[in-house]
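The structure under discussion appears below in the form of structure tokens.
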Ligand code: UD2
């Protein structure tokens, strides 16, 4: 019987959490329906009990939650531009799936759900860094869907006594992130293109900045969130990031050095729904979880480029 369930286990973040749990000798069940997850991401996770299924189906949710104590809910349809193109699909795979999962988790007696929130919920308010006392102001369907999920988690804590926790991830990157879709995270796209000698496109002027967070920091935050005392974290949400930001232009320059790319970027139209600057205040996660980023951006980027180089 699995103690932990990881949803989106064939996705970049889900597979990374599952791998860390397995490395600790935990019993893990994973679920994915391969809408954006990849079968190759399951390589190395053979000790995990894997269920192929869609969380928009309540029967699947009931099945995967049975016997589980803690859920890491990473399944989602990520990407701001994808949500602009198809808000219904984003809602179905983020909001419907999350509510189905929570209902099933409660019925199965799951103690805690740790949820993959998103920095996008802060919207484009100029205040930096973004801290949790700020009112959310989502500007895209993706951000609305992610925020709805965290409100559902908090409500289920409040009315049913579940110990749910939301971690608001800030632009996670690292090994196993899919570089092949134009809805992929920018660093995955740039690594793949620049290693192949292809010109990447910067949307807008490249002055936009992000608090890019290396995957190992996010995995560590999840493990801390699973173990933290319920009275401290139940119903809470907190930023998970590094607390420093870098512009896309500066990132491109760093990547030139790491990938040996000699060209210039192409500059295209700014993306609809794009946020200019994103930077996290990470004091709350430190206070509630004892979280501190272990891998800084430069080191994370170096490891990521190495991974894509070997994966090519
Ligand atoms: C948002 C969230 C992030 C996460 C993610 C999931 C914010 C600030 N961040 O990431 O936490 O939830 O959604 O998908 O809301 N870009 C280019 N060229 C490309 C691709 C992207 O210039 O080929 C730009 C893009 O316009 C943006 C930046 O790179 O300014 C980052 O884009 P992204 O899609 O990697 O992530 P973002 O910030 O939408």
Give, to the nearest whole percent, the P(r) tail of the stretch 68-149 beyond 16 angstrom, counting all Cα pairs. 54
If you build the Cα gyration tensor of the stretch 55-192 and take the root of 5 times each eigenvalue, what three semi-axes come out, in whole angstrom, biggest first? 26, 19, 14
As a test of the formula, what do you get for the chain when each DSSP H run with n ≥ 4 contributes -39,500 (n - 2.57) and the sum is divided by the residue count, at 222 nm and rounded to the nearest 500 deg cm²/dmol? -12000 deg cm²/dmol
Whole number please: convex hull volume per residue, Cα atoms of the stretch 1-61, in Å³. 69
Relative contact order of the chain: what whole-number percent is it, with Cα pairs under 8 angstrom and at least 6 residues apart? 17
Which value in Å is the Kirkwood Rh of the stretch 265-305 over different Cα pairs? 13.7
Give the distance, in whole Å, between the Cα centre of the stretch 266-280 and the Cα centre of the stretch 2-64. 32
Give me the mean projected area, in nm² to one decimal, of the convex hull enclosing the Cα positions of the stretch 157-233. 7.4
Long-range share for the chain, i.e. C-alpha pairs more than 34 Å apart as a percent of all pairs, stands at 16
Which value does Rg/Rh take for the stretch 33-111 over its C-alpha atoms, Rh per Kirkwood? 0.99
Correct semi-axes for the stretch 188-299, from √(5λ) of the alpha-carbon gyration tensor and rounded to whole Å with the largest first, are 33, 16, 11
Got a sec? How would 256, 61 order by Cβ neighbour count within 10 Å, fewest to most? 256, 61
Compute the Kirkwood hydrodynamic radius of the stretch 108-184, taking the inverse of the mean of 1/r over all pairs of distinct Cα atoms, and give it in Å to one decimal. 14.1
Based on the mean of other Cβ atoms within 10 Å per residue, sort peptides 213-219, 177-183, 296-302 so the most packed one is first. 213-219, 296-302, 177-183
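No value in this document is a laboratory result; all are computed from the given coordinates. Bear in mind the structure is a predicted one, so any value in this text is a computation, not a measurement. Here the Cβ is made from the backbone with ideal geometry for all residues, glycine too, and neighbour counts use every protein chain on show.
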